[in-house]
Amino acid sequence: MAGLIITGEMKLSDIVDGDKRALVLFPRFGIELGFGDRSVEDICKKLGIDLQFFLLMVNTFLNPDYFPDKQLKRVDVDMLIGYLVEAHNYYLEERIPYLQSLINNFKNRVDHPAVMQLEKFFDQYIDEVRDHLAYEDETAFPYMERISAYGKSRLPLERIDYSVDVFEERHDNIQEKLSDLKNLLVKYFPPAGDRYLRIRLLNELIDFEEDLINHARIEDKVLIPVVRQLEKQVR
Amino acid sequence: MNRTILIAEQSEIIRKGLVQITGNLNLFDNIHEISCSSKLKTSLTRLEPDVLVINPALIDPEMQQWLAGYRDRKNGSGTFDTDDSNEDGDNHENTGQKEIKPGYFRIAAIIHTLIDDELKGLFDEVIQVGDTGLKIKGKINSMLSRPASPGSPVQDDTLSSREKDVVRLLAKGLSNKEISEELFISPHTVITHRKNITRKLNIKSVAGLIVYAIINGIVNVDELHDDKNINK
């Protein structure tokens, strides 16, 4: 289903059939599984989700070539930040702990002097991801919310020394170490009788990497241009 | 700089001519000549010339293979036989007699007639018998200033012993500058080594390289500088 654009008439279950990566998006919108044959439009109406926004997120996330030029003007920054914060929570509370448990199993099962260093490397990487997410949650998003509030209500804007350009510059690549980790496990870590354990770990690392890339695309293609638009109106 | 050239050619007229011409170039401190292939291996091993000018007629298939291997080892892109035990960069005892000092080595063909297609890959340059002295000078000069040709097209992603040195020092927590001082090379060369290491291994972070270094016995766990290696 790569390249197919999701529309409101489609069934939620068909989206999942076409691309299982869509599964992780549902909790971010408060959609629970067990939705039967409901269409996207139905579910959005029932749960009070903005249909256009939902489609924008799903399509940008699933499709690297999707470029939502026209829809950007209507994107609500608060809604967008709400979505991104949900995604961050998913990484912090679900994905990272699971990865950590896999690394931990690997470490306990594999007897090799390099395994301690591998764990250290992984921990270091996780710290980097946490810092990256915390920076966005604590510095970038609050700024964006203030800009948005000003746009909506003209509440007095305090002096600000931040801009989306800073965000863009700092929006560094947090997948680099992940790719190193994959390489080490595939090419260099000697066989250690770990078999499926290492495969499970690798699968999870690959999924996580892809998830992060898709997530970063939403920030680059939607968040940054939308906030830049707002800044133009405000300044 | 002490440069050596070895000329291997049966024809005395041509050999003496080349000795004369290369002598006038003021590029070489030592000029050696041999007239048959039987002395080639020992001359190369003993003299370690920077340039070999050789008549392709002296190169039989066995010699071709030997020369390609010799050149790869000299240029730091090959491995020694199938012996893995000399992984450790600073342990020269293991490699013993086989160790050939790294340094660029280039081969030029001196030809009278057409050159065999299979042999072409071996040469960095081809000198024609009809070339003028000036032209030969230009060819040797450009050969010396070019990076060594990759030799046999074998894609070899193992690290050279110098690159292993760099990895080991990185793992110990040294900066590029400290590494350059330790190895007596310029910081620029350290950066070049690091680029090549990353390209060969497809590992970009220092932390990842540390894991690689331990896996491959380039560094021992207890050699790691504990807090420093956490830094980028």
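The values are calculated or read from the model by the stated rules, or taken from the named source; none is laboratory data. Keep in mind that what you see is a predicted model, and the values were worked out from it rather than measured. We place every Cβ from the backbone using ideal geometry, glycine too, and count neighbours over all the protein chains shown.
Structural remarks
- Yes/no for B:Val219 being within 14 Å of chain A (Cβ to nearest Cβ) and in a loop (DSSP other than H, G, I, E, B): yes
- Qualifying residue in the range A:128-143 (condition: among the hydroxyl-bearing types (Ser, Thr, Tyr), within 14 Å of chain B (Cβ to nearest Cβ) and free of Cβ contacts under 8 Å to residues at least 60 places away in the same chain): no
- In the range B:1-31, residue farthest from B:Val51 (Cα to Cα) [restricted to those that are surrounded by fewer than 18 Cβ atoms within 10 Å (Cβ to Cβ) and touching a Leu at 6+ places or on another chain (Cβ under 9 Å)]: B:Gln10
- The single condition among (1) farther than 15 Å from B:Thr4 by Cα; (2) crowded, with 20+ Cβ neighbours inside 10 Å that B:Trp66 does not meet is (2).
- Flag for A:Leu230 being within 14 Å of chain B (Cβ to nearest Cβ), surrounded by 16 or more Cβ atoms within 10 Å (Cβ to Cβ) and not in a loop (DSSP other than H, G, I, E, B): no
- Residues in the range A:29-82 that are among the small types (Gly, Ala, Ser) and either assigned to a helix (DSSP H, G or I) or closer than 19 Å to A:Val227 by Cα (or both): 1 in all.
- Apart from one condition, B:Leu201 fits all of (1) modelled with pLDDT under 90; (2) buried (at least 20 other Cβ atoms within 10 Å of the Cβ); the exception is (1).
- A:Leu197 within 14 Å of another protein chain (Cβ to nearest Cβ), part of a helix (DSSP H, G or I) and at pLDDT 80 or above: no
- Flag if B:Ser186 is outside the structural domain of B:Arg71 (by TED's automatic domain parsing), under 23 Å from A:Leu118 (Cα atoms) and exposed (fewer than 15 other Cβ atoms within 10 Å of the Cβ): no
One line per residue, one yes/no per condition, for (1) loosely packed, with under 13 Cβ neighbours inside 10 Å; (2) modelled with pLDDT of 90 or more; (3) of a type in the set (Asp, Glu):
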site	(1), (2), (3)
A:Val110	no, no, no
A:Arg130	no, yes, no
A:Leu133	no, yes, no
A:Leu155	yes, no, no
A:Phe167	no, no, no
A:Glu176	no, no, yes
A:Asp180	no, yes, yes
A:Asn183	no, yes, no
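- Matching residues, the range A:99-108, being within 19 Å of A:Asp211 (Cα to Cα) and either exposed (fewer than 14 other Cβ atoms within 10 Å of the Cβ) or at the interface with chain B (Cβ under 9 Å from one of its Cβ atoms) (or both): A:Ser101
- Residue within the range A:173-184 that is outside any helix (DSSP H, G or I) and at positive phi present: no
- A:Phe189 vs. criteria at pLDDT below 90, within 14 Å of chain B (Cβ to nearest Cβ) and buried (at least 18 other Cβ atoms within 10 Å of the Cβ): yes
- The condition of being farther than 23 Å from A:Ile81 by Cβ and surrounded by 15 or more Cβ atoms within 10 Å (Cβ to Cβ) holds for only one of A:Lys20, A:Lys11, A:Lys46, that being A:Lys11.
- Pairs, first assigned by TED's automatic domain parsing to the domain that holds A:Ile174 in the range A:112-125, second charged (D, E, K, R) and surrounded by fewer than 22 Cβ atoms within 10 Å (Cβ to Cβ), C-beta under 8 Å, six or more apart: A:Val115/A:Lys107; A:Met116/A:Lys107; A:Leu118/A:Lys107; A:Glu119/A:Lys107; A:Phe121/A:Lys177; A:Gln124/A:Lys177; A:Tyr125/A:Lys177
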